[in-house]
Amino acid sequence: MERQVIVQNNSSSEPEDPNEKNTKKKEDVAADPEFFSCLLQPSPPDSDPNYIGIRRLLLFRKAQSGVLRRKEWRCNGKGYVAYRNYINRPRNWESLNVPSHSNTPGNSGRWVPSPGPLSRQLSEVDSWSPGRFLRSGSQAFSRSSSNLSDSDFPHKKTEPAYSFVGMHCIFDQCKALVTVIKFGHMSSDLLAYGASDGSLTVCSVSTPPSVIKQLIGHSKDVTDFDFSANNHYIASSSMDKTVRVWDISQGLCIRVVYGISPQLCIRFHPVNNNFLSVGNANKEITVFNFSTGRTISKSIFDSEVTAMDHDHTGQLIFCGDTQGWIYSVTMDSHIGTLSRSHRQRSNSKGKSPITTVQYRTFSLLARGPVLLTFARDGTLSFYSVSSETQGYLTLRCSLKLASRLHSIRASFCPLLSLEKGEYIVAGSEDANVYFYDLTRPRHTCVNKLQGHGYPVIGIAWNYGENLLASSDFGGTVIVWKRAKTS
């Protein structure tokens, strides 16, 4: 039986003519301002015309549901918080709706408009407040859980130091999963990220944001990378069993070190940048000479070394493996020799790979150096470090989150001068960025950022600690701007 579409009007009901329907559809497409803005958006300098054309075509052919949502949304001038409020709008939204600006699709490295005048009806604020969402009837954040999971609702007011005014800029030219993201050493605007297609992208987040160099050479996933002390070089590790050294200014690979197994994590020595430490799937940490590429020393472990970090003196290396063990390794800063000193199981029941090992010189909670580890089973562990006993670790507190399917990373948050607590930021499978206070026995989540469309993998703060970068499974990198605090 042929299906007919009936159009209701005031006088009668008539079947719609297919030819007339197609003509109307073509007229709608031709009059679509988003279509023209996709076609007319300026191309960045030194861009590939083929890539620009394909990207514009994909922008125009986005999912119909997304197109309808963008057409319906008319508040981009008010910023990220207004859009989130719109997505989670209450049932009486129609009576509260107010006129606003039209939206336009952006381009790679685009600025996101700063928030405009506040809307009383929407109760827009610089960072979301739980009380306001409850009063407005939003159901998105009203869920609660008896255990400490990503969806725990913070019943206390958001910490002022971790409030965000919105998105600073977005880089979306990458077509693959962004596996790792970092800011340059002592830099507030130099950003780089590696992807599963083997590419490394170096960007600037200053005015205006731009892609500086595309570093192409790895044939498989970039597992980790590190900036040299002067930010002139990047050393990267990959699943293709190689370590590559890049000259950022020239955008060239100046050295390749071949291995026999996937290279999983890499760090420059913080004091002697001529040493390069690499953890691999052959259960080793290998120290290379940066200038010659020759192997200086090795240390054997019980399983694949998946994450690593130096202390500030360069005399200690902390690393984690696929079985959930955390190791403290001493290193001679003059000749580069390694010696294992301590081993400790992360606070998890199963043997879960460690995805993050991060050292910090001082903590308000421990009153000394500390170490953060994050395992794929969702275990966040916080240790105090004893420098007198060759990096002996003492567990201070831990948090059990939902298990991760991907190698999602976590990071310390900037220190607070007037606040007590230990704040951690981590990505999640539900496409949100979560902030936790490890000192709170309940309601550990203090804030979260929404904006990604895929699981959030990488997290990084800049040197000025006013920008937070996050990357996701779909290849999008969002740089968030933290609110100024007194």
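The values are calculated or read from the model by the stated rules, or taken from the named source; none is laboratory data. The structure presented is a predicted model; accordingly, all values stated were derived computationally and were not measured. Here the Cβ is made from the backbone with ideal geometry for all residues, glycine too, and neighbour counts use every protein chain on show. For accessibility, only protein heavy atoms count, side chains too; no ligands or nucleic acids. Shrake-Rupley method; radii C 1.70, N 1.55, O 1.52, S 1.80 Å.
Any idea how many residues of the range 422-436 are closer than 12 Å to LEU399 by Cα and hydroxyl-bearing (Ser, Thr, Tyr)?
2
Filter the range 300-327 for residues that are open to solvent by less than 10 Å² (accessible area, probe 1.4 Å), in contact with a Ser or Thr (Cβ under 7 Å, 6 or more places away or on another chain), within 18 Å of GLN390 (Cβ to Cβ) and of a type in the set (A, V, I, L, M, F, W, C) and give the result.
MET308, ILE317, PHE318, ILE326
Return the total of residues in the range 316-363 being more than 25 Å from the chain's Cα centre (by Cα), in contact (Cβ under 8 Å) with a residue 40 or more places away in the chain and in a loop (DSSP other than H, G, I, E, B).
Residues flagged as more than 25 Å from the chain's Cα centre (by Cα), in contact (Cβ under 8 Å) with a residue 40 or more places away in the chain and in a loop (DSSP other than H, G, I, E, B) within the range 316-363 amount to 4.
Could you grab me the full set of residues in the range 157-200 that are among the hydroxyl-bearing types (Ser, Thr, Tyr), modelled with pLDDT of 90 or more and closer than 13 Å to VAL479 by Cβ?
The answer is TYR193, and nothing else.
Could you please find all residues in the range 180-208 being open to solvent by 10 Å² or more (accessible area, probe 1.4 Å), among the polar types (S, T, N, Q) and touching a Phe, Trp or Tyr at 6+ places or on another chain (Cβ under 8 Å)?
SER187, SER188
This table checks each residue for (1) closer than 20 Å to HIS310 by Cβ; (2) modelled with pLDDT under 90; (3) open to solvent by less than 10 Å² (accessible area, probe 1.4 Å).
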| site | (1), (2), (3) |
| --- | --- |
| SER386 | yes, yes, no |
| THR394 | yes, yes, no |
| SER407 | no, yes, no |
| LEU418 | no, yes, no |
| VAL425 | no, no, yes |
| ASN432 | no, no, no |
| ARG440 | no, yes, no |
| HIS443 | no, yes, no |
| LYS448 | no, yes, no |
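One line per residue, one yes/no per condition, for (1) farther than 18 Å from LEU393 by Cα; (2) in contact with an Asp or Glu (Cβ under 9 Å, 6 or more places away or on another chain):
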{"site": "GLU304", "(1), (2)": "yes, yes"}
{"site": "LEU316", "(1), (2)": "no, no"}
{"site": "THR330", "(1), (2)": "no, no"}
{"site": "THR337", "(1), (2)": "yes, no"}
{"site": "GLN344", "(1), (2)": "no, no"}
{"site": "VAL370", "(1), (2)": "no, yes"}
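Among the listed residues ARG404, ARG396, ARG376, which satisfies the condition of being over 28 Å from THR476 (Cα atoms) and either basic (Lys, Arg) or touching a helix residue (DSSP H, G or I) at 6+ places or on another chain (Cβ under 9 Å) (or both)?
ARG396
For the list (1) free of Cβ contacts under 8 Å to residues at least 40 places away in the same chain; (2) farther than 26 Å from ALA366 by Cβ, I need the number of the one condition that PRO441 fails.
Among (1) free of Cβ contacts under 8 Å to residues at least 40 places away in the same chain; (2) farther than 26 Å from ALA366 by Cβ, the lone unmet condition for PRO441 is (2).
What is the residue count in the range 221-237 for residues that are of a type in the set (A, V, I, L, M) and open to solvent by 10 Å² or more (accessible area, probe 1.4 Å)? Explain how you work it out, then say what you get.
Taking the range 221-237 as the starting set, the residues that turn out to be of a type in the set (A, V, I, L, M) are 222, 229, 234-235.
Of the ones still in play, those that are also open to solvent by 10 Å² or more (accessible area, probe 1.4 Å) are 229.
The number of residues fulfilling the criteria is 1.
Within the set of pairs 6 or more residues apart or between chains, which connect a residue that is at positive phi inside the range 256-283 to a residue that is at pLDDT below 95 with Cβ atoms less than 9 Å apart?
LYS283/SER261; LYS283/ILE300; LYS283/PHE301; LYS283/ASP302; LYS283/SER303; LYS283/GLU304; LYS283/VAL305; LYS283/ASP321
Which condition from (1) among the hydrophobic types (A, V, I, L, M, F, W, C); (2) touching a residue at least 60 places away in the same chain (Cβ under 8 Å); (3) out of contact with any Leu (no Cβ under 9 Å at 6 or more places or on another chain) is the one that ILE459 breaks?
The number of the failed condition is (3).
Tell me which of these VAL256 doesn't satisfy, since it passes every other one: (1) more than 23 Å from LEU215 (Cα to Cα); (2) touching a Lys or Arg at 6+ places or on another chain (Cβ under 9 Å); (3) surrounded by fewer than 22 Cβ atoms within 10 Å (Cβ to Cβ); (4) of a type in the set (A, V, I, L, M, F, W, C).
The single condition VAL256 does not satisfy is (1).
Of the conditions (1) part of a loop (DSSP other than H, G, I, E, B); (2) at negative phi; (3) without any contact (Cβ under 8 Å) to a residue 60 or more places away in the chain, GLY293 satisfies every one except a single condition; which number is it?
Status for GLY293: all satisfied but (2).
Considering each of ALA366, ALA375 in turn, give the residue that is surrounded by 16 or more Cβ atoms within 10 Å (Cβ to Cβ), over 23 Å from HIS269 (Cβ atoms), modelled with pLDDT of 90 or more and among the hydrophobic types (A, V, I, L, M, F, W, C). Working first, answer last.
Numbers: ALA366 fails: modelled with pLDDT of 90 or more.
Just one listed residue meets the conditions, ALA375.
Name the strands (runs of 3 or more DSSP E) wholly inside the range 392-486 in which the number of residues that are more than 25 Å from SER346 (Cα to Cα) is 2 or more.
Values: elements: 392-400, 410-412, 423-427, 432-437, 445-450, 456-461, 467-472, 477-482.
Filter on the range 392-486 gives 445-450, 467-472, 477-482.
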